[in-house]
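Reading through the structure tokens given below for one structure.
Each reported figure results from applying straightforward, stated rules to the coordinates on display, with no laboratory input. Just so it is clear, the model here is predicted, and its values are computed rather than measured. All Cβ positions, even for glycine, are placed from backbone atoms using ideal geometry, and neighbour counts span all protein chains on display.
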Amino acid sequence: MVIMDNLLTNPLVQSAVVPFIVSLIVALILRPHGWYWTGLSAVAGFAAAVYLITDFQLFPLRSDRKIVLLGCGAVVLGVLLDLVRWRRLAPGLLFVAGAAACLWLLWPRINSFDAWPIWLLAVAGSAYVGWLVAASVGLKDKPVQADSMIFALALGTGLTALLGATALYGQLASAIAAAIGARLLLQLFGRPVAAGALMVVPLVAVTALFGIGALAYSKLPWYTLALLALVPLLVRLPIPARWPLFVQLMIRVGVAALPAAVAIYLTWRDLGAPPI
Amino acid sequence: MRKIYLAVAMMSAVSAPVLVNAAEQYTIDPAHTYPHFAISHLGFSTMHGRFDKTEGDLTIDWAKNSGSVNIKIDAASVNTGFAKRDDHLRSPDFLNAAEFPTITYKSTKVVIAGKKSAKVEGELTIAGTTKPVTLNVERINCGDHPMKKGAYVCGFDATAKIKRSDFGVNYGLPAVGDEMVLSFEVEAERK
């Protein structure tokens, strides 16, 4: 029992091993059923990590808990987008929803009337969240691209947040990367797993909000998010469809992870290793 | 007879403010009040830190051996002598100072035992979570300030033990200690 407790309180187990395993198992169970429910695999992996790290406590309603709540709302929104075909409206709707979520997250700082940069952060942050969410929904039917994008975003956000002195956000964002990693592994072995808006919308929204939260409530450098904003563009680079799936996947992940790697390096160079 | 009534009425008028002012009111001197904390660092050593900005007020009712304490601490003023660690302590991992800028302590019951010590029951709020905490107050010293004419000052040392996990501050548990010793060295000037 003590060994189990020690394992489950280990940050590496909480934010890497558990979300990876849960996501893998759920994906294997749901994959034969096809359709978008397979996207729940990564959501379940992330939810398991949230449970271990935060115990699903809601009050006092601080930023990380707001993000988890918004993530739950985004799952519902994602399901609606999968069920109802709002092709034209979806990006605009998601941009507005993402921007509103960002403003709610930043409200304690906006409300305290800090110096002018907080207003700049409110505008730029809303644009960042809105852009990532709106740009990602177009990939809901392209699991390789969707997984590559979320993996790169979450890994970049998680590791830079760890370096930027908030391990909590770092752990939670890294858990998303681990959960997506399980799906990438399946795809690497030629087993396609559907994504769907029910996975893409909440995980991208939550990752983007962790980035903004780490910037507003800790010391994450702004250029980290500027670099990560390039990920949805890079993941769309055309790759010949005749190439083997695993080659496509490796290239997609590599290209998407490029700005994340630069962001991690620059953050490490400027902030150094986290204090222990 | 009318003279007696008049005398009683005058005495009442004079003594009324004395009764009202029986509890002395003090303002905490931020330049001489620094809440400290001590916590185990990975079981190797005890790390100390303090908060540089504190404000508040107290009342002391010597006649009733009672009073009140109201302290507000600027969470962002945490200082352990290492800037990067202080940034981490301000982050959502610990104090979450941007979202919860103040740590507060508000007494609910004060019992002064003799002239030098007291027990203060109250509520401590850290990172938005409020829990009951009892302060053990010792070395209560009051008197005229020797370098500030007309100022009457009271000072005391107070300590309490808390578990940071009670306040939702769970980062690094159990490696970084859960139990913390809080110390308040307070000086306050009578209003």
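Just a few scattered comments:
- Test result for A:R242, charged (D, E, K, R), away from chain B (no Cβ under 14 Å) and assigned to a helix (DSSP H, G or I): no
- Failed item in (1) within 14 Å of chain B (Cβ to nearest Cβ); (2) touching a helix residue (DSSP H, G or I) at 6+ places or on another chain (Cβ under 6 Å), with A:A49 passing the rest: (1)
- Candidates B:A113, B:A118, B:A83, filtered to the one that is touching a residue at least 24 places away in the same chain (Cβ under 8 Å), of a type outside the set (S, T, Y), out of contact with any helix residue (DSSP H, G or I) (no Cβ under 9 Å at 6 or more places or on another chain) and exposed (fewer than 15 other Cβ atoms within 10 Å of the Cβ): B:A113
- Residue selected from region A:173-224 under the condition within 14 Å of another protein chain (Cβ to nearest Cβ) and in a loop (DSSP other than H, G, I, E, B), by the criterion surrounded by the most Cβ atoms within 10 Å (Cβ to Cβ): A:L220
- For region B:98-109, filtered to residues that are crowded, with 23+ Cβ neighbours inside 10 Å and in contact with a strand residue (DSSP E or B) (Cβ under 9 Å, 6 or more places away or on another chain), the residue that is farthest from the other protein chains (Cβ to nearest Cβ) is B:Y105.
- Restricting attention to region A:239-255, the residues that are surrounded by 15 or more Cβ atoms within 10 Å (Cβ to Cβ) and charged (D, E, K, R) total 1.
- Flag for A:Y265 being over 18 Å from the mean Cα position of the chain (by Cα), away from chain B (no Cβ under 14 Å) and closer than 30 Å to B:D86 by Cα: yes
- Residue match in region B:57-80 (condition: within 14 Å of chain A (Cβ to nearest Cβ) and more than 18 Å from B:R164 (Cα to Cα)): no
- Filter result for the condition that a residue is under 25 Å from A:G98 (Cβ atoms), in contact with a Gly (Cβ under 9 Å, 6 or more places away or on another chain) and away from chain B (no Cβ under 14 Å), over A:P19, A:P60: A:P19
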